[in-house]
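Read the figures in this text as sums done on the coordinates, not as results from a lab. Everything numeric here is computed off the predicted structure, so don't read it as measured data. Neighbour counts are summed over all protein chains in view; Cβ atoms, including those assigned to glycine, are modelled from backbone coordinates with ideal geometry.
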Amino acid sequence: MAYHWAPLAEGQTPRIYAPGQLIYLQGTEADVFYYLLSGKARSYISSASGGERVLATHRSGDLMGEASFFDACPRVSSAVAVTECRVVSVDRDRLDRIFRAHPSLALPMLQYLARTVRMLSSHVDNMSFLQADRRVARCLLTFQEETDGALHCTHEELGAAVGVSRVTVSRVLSEFARRGFLETGYRSMRILDRGALIDFASQRED
């Protein structure tokens, strides 16, 4: 499902983030969330030992940092620009004004937040001893499809999100394609049988 957040940017001057520049930091106060107008960014969790776990790769039209913003708790992740990004920040007063002017945005915002929570829950599950193929399947199901139905994600990005190598991701996706779950293309893929992929991701392991 695609969401259109144009009202969030009305009258706002986007901030430009250079590649590698931090957009927000784990553990800080979440007094705003972010609307990515253009570019690509990555959100990740840092451990006390300095390790990192990628949560998601964000593209034009995505919201970032909204979960911590809505629950008013410190941020659970950081986000960094991968390419040059144009970003609008939204605080609580501005969001209240937007909802009053565009009440139809409230339900899509809740749906988007629910998708984010589902993605985070999937990452928690993946920290257990799930096999790589089920971890990949669960991760794919959290991605938002573009208007053409495609998922734009590289094997490297998918591997970073679930903690496996690019070679493993390629092997798993080839098997999924053989089973008819999806078809793959250049830097993108398309889910053909979502129900079968959900069933596979939900299976208990021996």
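Between exposed chymotrypsin sites (Phe, Trp or Tyr not before Pro) in the chain, where DSSP calls loop and at most 11 other Cβ atoms lie within 10 Å, what's the longest gap? Could you put the intermediate results ahead of the total?
On the way: sites that count: Phe129, Tyr186.
Here the longest run is 1-128.
Express in nm, to one decimal, how much length is gained between Asp93 and Ala18 on full extension, taking 0.36 nm for each residue of separation and deducting their alpha carbon distance.
Details: separation 75, 0.36 × 75 = 27.00 nm, distance 2.76 nm.
Additional length available on full extension: 24.2 nm.
Can you list which of the trypsin sites (Lys or Arg not before Pro) found in segment 165-206 are DSSP loop residues with at most 10 other C-beta atoms within 10 Å? Don't jump to the answer; show the numbers that get you there.
Values: sites: Arg166, Arg171, Arg178, Arg179, Arg187, Arg190, Arg194, Arg204; in loops: Arg187, Arg204.
Passing both the DSSP loop test and the Cβ count: Arg204.
Rounded to the nearest 500, what is the 222 nm mean residue ellipticity of the chain from helices alone, with -39500 (n - 2.57) per DSSP H run of 4+ residues and division by all residues? Don't jump to the answer; show the numbers that get you there.
Working: 8 runs with 83 residues, N = 206.
Value at 222 nm, helices only, nearest 500: -12000 deg cm²/dmol.
Just how large is the dipole of the chain about the Cα centre, in debye to the nearest 20, putting +1 at every Lys and Arg Cβ and -1 at every Asp and Glu Cβ? If you can, show how the numbers build up before the last one.
Working: 24 positive and 24 negative charges, 41 e Å.
That gives a dipole near 200 debye.
Counting Lys and Arg as +1 and Asp and Glu as -1, what is the net charge of the other residues whose Cβ lies under 11 Å from the Cβ of Ala137? Intermediate values should be presented prior to the final figure.
Details: positive: Arg134, Arg135, Arg138, Arg179, Arg194; negative: Asp133, Glu175, Asp199.
Summing Lys/Arg as +1 and Asp/Glu as -1 gives +2.
Round to the nearest 10 and give me the degree value, 0 to 90, for the angle of helix 92-101's Cα axis relative to the longest principal axis of the chain.
90
Which value in nm describes the separation of the simple spin-label points at Leu25 and Thr154, placed 7 Å from the Cα toward the beta carbon?
Output for this residue pair reads 2.7 nm.
Which distance in nm do the two modelled labels at Arg166 and Ala101 give, with both placed 7 Å along the Cα-to-Cβ direction?
Calculated label separation equals 4.4 nm.
Kindly identify the chain as rounded, prolate or oblate by the Cα gyration tensor criterion: order the square roots of the eigenvalues as a ≥ b ≥ c, call it rounded if a/c is under 1.5, otherwise compare a/b with b/c, prolate if a/b is larger, else oblate.
Details: a/c = 1.80, a/b = 1.55, b/c = 1.16.
Prolate, because a/c is 1.5 or more and a/b exceeds b/c.
Give me the distance in nm between label points sitting 7 Å out from Cα along the Cα-to-Cβ direction at Glu52 and Gln131, one decimal.
Result for the modelled spin labels: 3.1 nm.
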